Amino acid sequence: MAQEELEIEIAPDGKVTVTTKGIKGPACMDYADLIARIVGREEHREKTSEYYEEAEQIERHVDIKQRR
Amino acid sequence: MSSCIIVTPLIIAGWPVISAAVTAAVGSLGYSIVVPQLGVSTAATVKTRNRAEIDIDDSEVLSETGSAGGQIVVERAGIRAVFTRDARGALKLCVEGDGLSKLELKKIGAELIGRVTQQYAYHKIVTELQQRNMSIVDEEVTADRTVKIRVRNL
């Protein structure tokens, strides 16, 4: 199981980029909200490729089950 | 699931916290803190220099009881930068320098403000996450001065 982590980059102009890793379910967005609250004003939010990979795996799993 | 967010820091703090961020930031840019001397007016020495004033809109300097407030002055090779609290309570930076245009001074000021914001954001994030039982497992400063940290739940 992947470790739950936050990767935080603070640029020389102060802008903060936070990427959540291995955090399942709504908790992923909760962590993003937490950092936004701590730091300031949210400029942009997106789901990373990992988000879509995992979502795809779940869909395939469901598909296999339905065929049985 | 994973997500990525980009956040612009808002500097909302008392003068001691802002002073600490300025002190931590300016060293890496080659500035040194100038200790004000009694009876010496900083304004009188800069009459002939170009000057750029930058309001830091995303900021609020909280007035705290017992806090001296005032200003922080930093200098580097003919450049003098003064951080103060303006009438609205926001942080303000005034940069002065010999032989530099207003545009150049504004650029220097923007770099300074960026680094101060970076230091403020770093300390705020680390302090708040540690209070929530999260720990830093890795930390590095890249060549372009970006600070990278990896945080995990304890």
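A few comments on the model shown:
- Matching residues, segment A:5-48, being more than 16 Å from residue B:139 (Cβ to Cβ) and among the small types (Gly, Ala, Ser): A:14, A:22, A:25, A:27, A:32, A:36, A:40
- Single residue of B:3, B:59, B:28 found to be within 14 Å of chain A (Cβ to nearest Cβ), at pLDDT below 90 and closer than 27 Å to residue B:102 by Cα: B:28
- Close pairs (8 angstrom Cβ cut-off, 6 or more residues apart or separate chains): within 14 Å of another protein chain (Cβ to nearest Cβ) in segment B:97-118, surrounded by 15 or more Cβ atoms within 10 Å (Cβ to Cβ) and among the hydroxyl-bearing types (Ser, Thr, Tyr) anywhere: B:112/B:31
- Failed item, numbered, when residue A:36 is tested on (1) touching a helix residue (DSSP H, G or I) at 6+ places or on another chain (Cβ under 9 Å); (2) under 17 Å from residue B:58 (Cα atoms); (3) outside any strand (DSSP E or B): (1)
- Restricted to segment A:21-30, and to residues there that are at the interface with chain B (Cβ under 8 Å from one of its Cβ atoms) and in a helix (DSSP H, G or I), the residue that is nearest to residue B:7 (Cα to Cα) is A:29.
- Residue satisfying all of: in segment B:142-154; over 22 Å from residue A:22 (Cα atoms) and exposed (fewer than 12 other Cβ atoms within 10 Å of the Cβ); nearest to the other protein chains (Cβ to nearest Cβ) among these: B:144
- Within segment B:119-141, considering residues that are charged (D, E, K, R) and facing another protein chain (nearest Cβ under 7 Å), the one surrounded by the most Cβ atoms within 10 Å (Cβ to Cβ): B:124
- The strands (runs of 3 or more DSSP E) found entirely in segment B:71-154 that carry 3 or more residues being under 16 Å from residue B:58 (Cβ atoms) are B:91-97.
- Residue A:45 modelled with pLDDT under 60, more than 26 Å from residue B:26 (Cα to Cα) and not hydroxyl-bearing (Ser, Thr, Tyr): no
The values are calculated or read from the model by the stated rules, or taken from the named source; none is laboratory data. The model shown is predicted, which means the values in this text are computed figures rather than measured ones. Cβ sites come from the backbone with ideal geometry, for glycine too, and all protein chains shown count toward neighbours.
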